[in-house]
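The block underneath contains the structure these notes are about, expressed in structure tokens.
Bear in mind that the values in this text are calculations on the coordinates, not laboratory data. Keep in mind the model is a prediction, meaning the values are calculated, not measured. Cβ placement follows ideal geometry from the backbone for every residue including glycine, while neighbour counts extend to all protein chains displayed.
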There are 2 protein chains.
Amino acid sequence: MRHVILVLAVLAAAIPATAGDPLPSWNDGASKKAITDFVARVTQADGADFVPVADRIAVFDNDGTLWAEQPLYVQFIFALDRVKALAPSHPEWKEKEPFKSILEGKVEAALAGGERAIAEIVMATHAGMTTDEFEKIVTDWIATARNPKTGKLFTEMVYQPMLELLAHLRANGFKTYIVSGGGVEFMRPWSERVYGIPPEQVVGSRIKLKYDMRDGKPAILRLPAIDLIDDGPGKPVGIQEVIGRRPIACFGNSDGDFHMLQWTTAGDGPRFGLIVHHTDAEREWAYDRKSHVGKLDQALDAAPKEGWTVVDMKNDWKTIFPAGKE
Amino acid sequence: MRHVILVLAVLAAAIPATAGDPLPSWNDGASKKAITDFVARVTQADGADFVPVADRIAVFDNDGTLWAEQPLYVQFIFALDRVKALAPSHPEWKEKEPFKSILEGKVEAALAGGERAIAEIVMATHAGMTTDEFEKIVTDWIATARNPKTGKLFTEMVYQPMLELLAHLRANGFKTYIVSGGGVEFMRPWSERVYGIPPEQVVGSRIKLKYDMRDGKPAILRLPAIDLIDDGPGKPVGIQEVIGRRPIACFGNSDGDFHMLQWTTAGDGPRFGLIVHHTDAEREWAYDRKSHVGKLDQALDAAPKEGWTVVDMKNDWKTIFPAGKE
């Protein structure tokens, strides 16, 4: 009998104090209540706002919503690393912008070329290989690449409160999607492991693809041409192309998510929109209207009128990153 | 006690003689055995060919694989009906090909204009409205439209053996997708009801979309420009764009499915490819190498070498269409 009590005591100690709370990293307050109230409303079988499981589609931006996007978008750091890795096979880059500046460590100078420079960097590093080859490049890179400011793995800099939110929605019958301005093939190799979101539930920007034979084997080649910019007004387009129905819940953090929030919450029936506002300069970063990364201006102004919940990271979140990784 | 026995007897009588057989409309034979063996192999937890649930992706062509495509592709009949319905607002069509011939009931003359004529018909009937409007047009049409040869609803002319196959795969952890040359937005409004396949698991040809405001409300407009022809080598591209991983099982019926079958079955590990061969002129249609609809030539030749199962509809299928609808 004493053994049984001991076992029970050990088990009880193992249960976190927050057992029963699906969002333990969220402080009690308006943001957390808005989320849990919405989920309760749409899942109450005899309620006026009940939504069938099939229609419980939730879409999440990635950069700045699910993981940190400072001091630079992760995918841009990936592209810079790829330029360096590929430089030995491109001796001409030593004299050619924007590559010359990148190889000299002058990122700002490289970006002086504007959109054209960015497009050249993206195509030189993201096209010209098969999809299988690109998947391996991303998988290898993400396993060791670290944030230049914190020294942590990028995949450690995902937001613990958002991981809990994803799990809470899925436990309530939601299908959770990423809808990101980032490249779809850049996210798919690790989205399942890091967020529990499988490749087929990732929507993102795309370059054109071509089916062809390579060394006698079928392959899908990545071509140097944009197919979809899944950002701003491109997000509802990406949602329609891939998902084919309007989500009922949408989570973003920047003006690039404005149209996706608008499209989601303008539909009939219960709707939920949420903006993650980066207000915590100490534990993460504080930025909004004037940031070169994740600019939040138009969407922040629209939030009160549209009924979107604005999360104040500093006050709404108990922790930012997963335990042991902060 | 007598009541209990009576209840049991009634229950037993209600169980079909085929209970336990997941594919009762398939005659015993090589095709059925190939399917059930494959499913058994990939789901046996301690087997050499076990495939985790997440990777159990199965793709199905639609026209001629899941439903009848004779005497004309259903979507083409839809387009002809739409030309007639829209004619009052287009008085100029009385003098303009290919519309003039369609309105005079001369379909072959209308098609004399080749691909350009088809493109004009598609754009005039599939573009220029919002996605919500198009969904309603399709939903209304499919509810009453009938096959010109059989007089049956098109949705009654789905293949019962394939419905059982879809259900068998899903019961074994597969995610089932449609990957069709047909328009994705033409299939999504009814794919869940008819096949149990939700909109987000339908891949198809697409026209370009644009997010915009309409009468003060957000809308997605359908533009008169092709975005993806999801046929032939376009099918692996559509699969990669939307699903983002290679399927392990593929089901088709025509040369338009050749590349999708090739891409699926060339992957590592256990793979399954199947071609529905239309051999039953009495219960359905018999056609292959010389058909103007669903031409099956190259893929039929490749099947033995590639190890693809070829279904002989006449001999492999006990029934073609769902009971009460034949």
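Data table
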| item | result |
| --- | --- |
| Linear extension gain, B:Lys33 paired with B:Ala48, 0.36 nm per residue minus alpha-carbon span | 3.5 nm |
| Net dipole in debye of chain A [+1 Lys, Arg Cβ; -1 Asp, Glu Cβ; about Cα centre; nearest 20] | 500 |
| Nearest-first distances (nm) between copies at B:Glu306, label 7 Å from Cα via Cβ | 4.5 |
| Helical contribution to [θ] at 222 nm, DSSP H n ≥ 4, -39,500 (n - 2.57), averaged over chain A, rounded to 500 | -11500 deg cm²/dmol |
| Hits among aspartates and glutamates - C-alpha to C-alpha of A:Lys96 under 14 Å, sequence gap 8 or more where chains match | A:Glu104, A:Glu120 |
| Amide hydrogen neighbours beyond the local backbone of A:Asn253, cut-off 5 Å, H modeled | A:Val276 |
| For A:Val203, distant residues with modelled amide H under 5 Å away | A:Ile178, A:Val179, A:Ser180 |
| Cross-link partners of A:Lys94 among lysines (Cα-Cα below 25 Å; sequence separation of 8 or more within a chain) | A:Lys84, A:Lys106 |
| Of A:Ser205, A:Ser31, A:Ser291, the one that fluctuates the most in a GNM where chain A has Cα springs shorter than 10 Å | A:Ser291 |
| Of all chain B residues, the one whose C-beta is nearest the axis that brings B onto A, in angstrom | B:Val242, 3 |
| Gaussian network model of chain B, Cα within-10 Å springs - most flexible of B:Ala112, B:Ala299, B:Ala249 | B:Ala112 |
| Number of partner chain Cβ atoms within 10 Å, mean per residue of A:151-164 | 0 |
| Potential extension, B:Ile118-B:Glu104 segment - 0.36 nm per residue separation minus Cα distance | 3.4 nm |
| Angle in degrees between helix B:114-126 and the longest Cα principal axis of chain B, rounded to the nearest 10 | 90 |
| Antiparallel DSSP beta bridges within the protein assembly as shown, percent to nearest 5 | 40 |
| Stokes-Einstein diffusion coefficient of segment B:32-101, Kirkwood radius over Cα pairs, 4 °C, 1.567 mPa s, in µm²/s | 78 |
| Lys/Arg +1, Asp/Glu -1 at C-beta; the protein assembly as shown dipole; positive extreme among A:Ile137, B:Ala40, B:Ser254 | B:Ala40 |
| Point-to-point label distance, A:Lys217-A:Arg41, nm (Cα→Cβ direction, 7 Å offset) | 5.2 |
| Rg to Rh, two decimals, where chain B supplies the alpha carbon set and Rh follows Kirkwood | 1.01 |
| Beta bridges per DSSP with both ends in segment B:94-227, % antiparallel, nearest 5 | 75 |
| Label point 7 Å beyond Cα along the C-beta direction, distances from B:Gly114 to other copies (nm, shortest first) | 4.1 |
| Protection-proxy order for peptides A:278-287, A:155-164, each taking the mean of Cβ atoms within 10 Å per residue, highest first | A:155-164, A:278-287 |
| For segment A:203-326: lysine pairs under 28 Å (alpha-carbon distance), excluding those fewer than 8 apart on one chain | 18 |
| Shielding score for B:240-251, defined as the mean number of other chain Cβ atoms within 10 Å | 5 |
| Under 12 Å from B:Lys33, Cα to Cα: aspartates and glutamates that are on another chain or at least 8 residues apart | B:Asp21, B:Asp316 |
| Acute angle (nearest 10 degrees) that the helix A:160-171 long axis makes with the longest principal axis of chain A, alpha-carbon atoms | 70 |
| Distance from segment A:99-149 to segment B:263-298 (C-alpha centre basis), Å | 43 |
| Size of electric dipole in segment A:229-296: Cβ of Lys, Arg +1 and of Asp, Glu -1, about Cα centre, debye, nearest 20 | 160 |
| Charge context of A:Asp212, other residues only, Cβ under 14 angstrom, K/R +1, D/E -1 | +3 |
| Label geometry 7 Å along the beta-carbon vector: B:Pro24 inter-copy distances in nm | 4.9 |
| Rounded, prolate or oblate (a/c below 1.5 giving rounded, otherwise prolate when a/b exceeds b/c) for segment A:45-151 by Cα gyration tensor | prolate |
| Summed residue charge, Cβ within 9 Å of A:Arg188's Cβ, Lys/Arg positive, Asp/Glu negative | -3 |
| Shielding by other protein chains, A:230-239, mean Cβ within 10 Å | 3 |
| Global form of segment A:182-326, assessed from the alpha-carbon gyration tensor, a/c cut-off 1.5 | prolate |
| Nearest-ten-degree value, helix B:30-43 long axis tilted from longest Cα axis of chain B | 80 |
| Under-5 Å amide H pairs with B:Trp26, H placed in peptide plane, nonlocal only | B:Lys318 |
| 3J(HN,Hα) from dihedral phi, segment A:68-79, Karplus parametrisation 6.51/-1.76/1.60, rounded to Hz, x for glycine, proline | 5, 10, 9, x, 8, 3, 4, 5, 6, 4, 4, 4 |
| Local electrostatic count at A:Asp297 - Lys and Arg +1, Asp and Glu -1, tallied over other residues with Cβ under 10 Å | 0 |
| Spacing of the two label points (7 Å from each Cα toward its C-beta) at A:Ala281 and A:Asp140, in nm | 4.1 |
| For segment A:265-326: Kirkwood Rh in Å [reciprocal of mean 1/r, alpha carbons] | 13.1 |
| For the protein assembly as shown: rounded, prolate or oblate by the Cα gyration tensor [a/c cutoff 1.5] | prolate |
| Point-charge dipole on Cβ atoms (K/R +1, D/E -1) for the protein assembly as shown, about Cα centre, debye to 20 | 540 |
| Dipole-positive endmost among B:Leu153, B:Phe99, B:Ile121 within segment B:34-161 (Cβ charges, Cα centre) | B:Phe99 |
